[in-house]
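Notes follow once the structure below has been shown.
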Amino acid sequence: MEPATEDLLSVLPAPGQWSDQDYLWVTRNTRRLMELAAGKLEILKTPTEEHQAIAAGIFLALRAYLAPRGGVVHFAPLRLRVSEGRFREPDVLALLSSRDPRRGNAYWTGADLLVEVLSADDPDLDLITKRAEYALAPVPEYWVVDPRVRS
């Protein structure tokens with residue numbers, strides 16, 4: 001039986017004091033999508049059907065292209081460690097080689113391509129914050145899909 005998220009949060013560190021290990025532990029013990037930024041846990045909203053359909057379409061197209069060429073593509077939830085104390089859950093992650101050492105079972109430490117589908121409630125998270133984080137990771141290719149303007 002899965003512990004209640006509230007029960008888990010009551011025994012974990014205060015905001016701003018979360019470590020990589022704390023984040024990995026809590027994400028293994030709950031089904032909620034979460035990210036870690038600057039020692040603070042960020043609970044993500046459940047994606048909409050439109051969001052999932054867009055991410056799935058991109059995933060399927062990339063998989064059809066990359067798999068025969070030895071690449072690999074996955075979709076959220078799959079943790080990406082951007083830096084110490086900072087984990088994100090991109091909508092789609094791709095590597096040109098399935099043997100890439102950035103690929104890990106618990107989390108990836110980089111990608112050749114990341115895709116985020118904008119959330120209507122906080123587009124700046126993907127457009128500004130994550131863009132800057134992924135650039136420092138470094139992630140050479142970052143696509144942002146904006147359903148509002150179909151781009």
I'd like the Kirkwood hydrodynamic radius of the chain, using the inverse of the mean 1/r over distinct C-alpha pairs, in Å.
16.1 Å
Starting with the highest mean, order 29-39, 119-129 by the number of other Cβ atoms within 10 Å, averaged over the residues of each peptide.
29-39, 119-129
For W143, W18, what's the largest-to-smallest order of accessible area, 1.4 Å probe?
W143, W18
Relative contact order of the range 30-139, pairs being alpha-carbon contacts under 8 Å that are 6 or more residues apart, as %:
22 percent
What number comes out for accessible area per residue over the chain if the probe is 1.4 Å? Units Å², please.
58 Å²
Sum of -39500 (n - 2.57) over DSSP H runs of 4+, divided by residues of the chain (222 nm, nearest 500):
-7500 deg cm²/dmol
Compute the label zone of E50 within the range 97-133: residues whose backbone N is under 16 Å from the point 7 Å along Cα-to-Cβ.
117-124
Figure the gain on full extension for A61 and R99 (residue separation times 0.36 nm, minus the Cα-Cα span) and round it to one decimal in nm.
11.6 nm
In what sequence, highest mean first, do 105-118, 47-60, 67-80 appear when ranked by Cβ atoms within 10 angstrom?
105-118, 67-80, 47-60
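The values are calculated or read from the model by the stated rules, or taken from the named source; none is laboratory data. Fair warning: this is a prediction, and the values are worked out from it, not measured in the lab. For neighbour counting, all protein chains shown are included, and Cβ atoms are generated from backbone atoms with ideal geometry for every residue, glycine included. For the accessible areas, the whole protein counts, side chains as well, though only heavy atoms, and no ligand, DNA or RNA atoms are used. Shrake-Rupley method; radii C 1.70, N 1.55, O 1.52, S 1.80 Å.
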